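This report concerns only the one structure given below.
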């Protein structure tokens, strides 16, 4: 890509960001309000994302495939600790071959598993009072749907892909992920959950990828979180868990590379729901940067090997210890952007009612 083409693309994003800010100011003068994190009120970023610019118009699926991978409990500082020798595939995905960052952010309200993963597939914040999905529990004992939690209809990446004629699947290692199939039973074409069986779940996805080739896969790998809760974040067992999950992620990457058609058409999006505090078994404090800092990366067909914030210079690159609130504009890259980023790769418009990356301007290639 020439520097002039790249410069034009970056200038276009800067203009779009300026228009977004200007629009939010106009809206504010008309009576729109902002809110501090956790207040439950409407936020400036919600207004800007919803009304600042026309939403993308997409004709339909373009023949691509997306595999969204969430490595549960992945504190990104573990990558420096383990190095390339022990986590070669995560390094390839985030640094060496993909477009990635280890300075993305979780959801603002909570740094726990099910609420953050529900944001990943709906593109919404958590608080139902502020237009979020309303999933605040983190267990499999609650049998409500996302719609019941929100008090109204809530769409998802599964619904968007399915309505366009594509197939979807969830492969997960925690029983609480039955929430997705329960909430969108028509749109989740396959739900394969094996509790704490990371290898079996990954193998099942690789088999399905060969035989079915769905448009959208969601893969949850929970071993680092399990080791963190049992032995502590950054403990030897936690480090070994991350190393093992690296090999599983690598097996999916190799499967894609070995198949010419998949190699031409597949993008992996990797992130995490939360980190964890070294020396403890805890990640629930939403204001702690060790909990709210997560990776976010694209890898595969058409992805440029450029740091993700360099590809998105109008985004706020947060400091190592800051968690921008809802009123911040522009926002940092967040794990809740998985849904609309995946739909962008697939040639589809955003999830109805979503907030994060609603304008689908998170760039993954130059």
Residues that are buried (at least 24 other Cβ atoms within 10 Å of the Cβ), under 13 Å from the mean Cα position of the chain (by Cα) and not in a helix (DSSP H, G or I), drawn from the stretch 328-348: 333, 334
Members of the stretch 211-234 found to be part of a helix (DSSP H, G or I), within 28 Å of residue 155 (Cα to Cα) and in contact with a helix residue (DSSP H, G or I) (Cβ under 8 Å, 6 or more places away or on another chain), listed by number: 225
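Table: residues versus (1) under 19 Å from residue 290 (Cα atoms); (2) modelled with pLDDT of 95 or more; (3) buried (at least 20 other Cβ atoms within 10 Å of the Cβ).
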| residue | (1), (2), (3) |
| --- | --- |
| 88 | no, yes, no |
| 92 | no, yes, yes |
| 95 | no, yes, no |
| 98 | no, yes, yes |
| 103 | yes, yes, yes |
| 116 | yes, yes, yes |
| 125 | no, yes, yes |
| 128 | no, yes, no |
Among residues of the stretch 58-78 being farther than 23 Å from residue 312 by Cα and more than 18 Å from the chain's Cα centre (by Cα), the residue surrounded by the fewest Cβ atoms within 10 Å (Cβ to Cβ) is 59
Scanning the stretch 305-321 residue by residue, those crowded, with 16+ Cβ neighbours inside 10 Å and more than 18 Å from the chain's Cα centre (by Cα) turn out to be 306, 314
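Specify the residue that is farthest from residue 266 (Cα to Cα); the eligible residues are those in the stretch 187-207 that are assigned to a helix (DSSP H, G or I) and in contact with a strand residue (DSSP E or B) (Cβ under 6 Å, 6 or more places away or on another chain).
So the residue we want is 198.
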Residues located in the stretch 114-130, provided they are more than 19 Å from residue 360 (Cα to Cα), assigned to a loop (DSSP other than H, G, I, E, B) and in contact with a helix residue (DSSP H, G or I) (Cβ under 8 Å, 6 or more places away or on another chain): 126
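Picking from 111, 136, 141, which residue would you name as being over 25 Å from residue 349 (Cβ atoms), assigned to a loop (DSSP other than H, G, I, E, B), under 18 Å from the mean Cα position of the chain (by Cα) and without any contact (Cβ under 8 Å) to a residue 40 or more places away in the chain? Even if it seems obvious, please write down each step before you answer.
Numbers: 111 fails: without any contact (Cβ under 8 Å) to a residue 40 or more places away in the chain; 141 fails: under 18 Å from the mean Cα position of the chain (by Cα).
When all the criteria are applied, what remains is 136.
So if I check each of 357, 273, 361, which one is touching a residue at least 60 places away in the same chain (Cβ under 8 Å), within 14 Å of the chain's Cα centre (by Cα) and either surrounded by fewer than 24 Cβ atoms within 10 Å (Cβ to Cβ) or more than 20 Å from residue 131 (Cβ to Cβ) (or both)? Spell out how you get there, then give the answer.
Details: 357 fails: either surrounded by fewer than 24 Cβ atoms within 10 Å (Cβ to Cβ) or more than 20 Å from residue 131 (Cβ to Cβ) (or both); 361 fails: within 14 Å of the chain's Cα centre (by Cα).
Exactly one of 357, 273, 361 is touching a residue at least 60 places away in the same chain (Cβ under 8 Å), within 14 Å of the chain's Cα centre (by Cα) and either surrounded by fewer than 24 Cβ atoms within 10 Å (Cβ to Cβ) or more than 20 Å from residue 131 (Cβ to Cβ) (or both), namely 273.
Looking at the stretch 148-163, is at least one residue within 21 Å of residue 337 (Cα to Cα) and surrounded by fewer than 17 Cβ atoms within 10 Å (Cβ to Cβ)?
First pass over the stretch 148-163, keeping only residues within 21 Å of residue 337 (Cα to Cα): 149-150, 153-163.
Checking the rest, the ones that are also surrounded by fewer than 17 Cβ atoms within 10 Å (Cβ to Cβ) come to 153, 163.
Yes, the stretch 148-163 has at least one match.
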Given the conditions (1) within 20 Å of residue 141 (Cα to Cα); (2) in a helix (DSSP H, G or I); (3) touching a residue at least 24 places away in the same chain (Cβ under 8 Å), report the number of the one that residue 170 does not fulfil. (2)
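The values are calculated or read from the model by the stated rules, or taken from the named source; none is laboratory data. From a predicted model like this one, the values you see are computed outputs, not experimental measurements. FYI the Cβ positions are ideal-geometry reconstructions off the backbone, even for glycines, and counts take in every protein chain you see.
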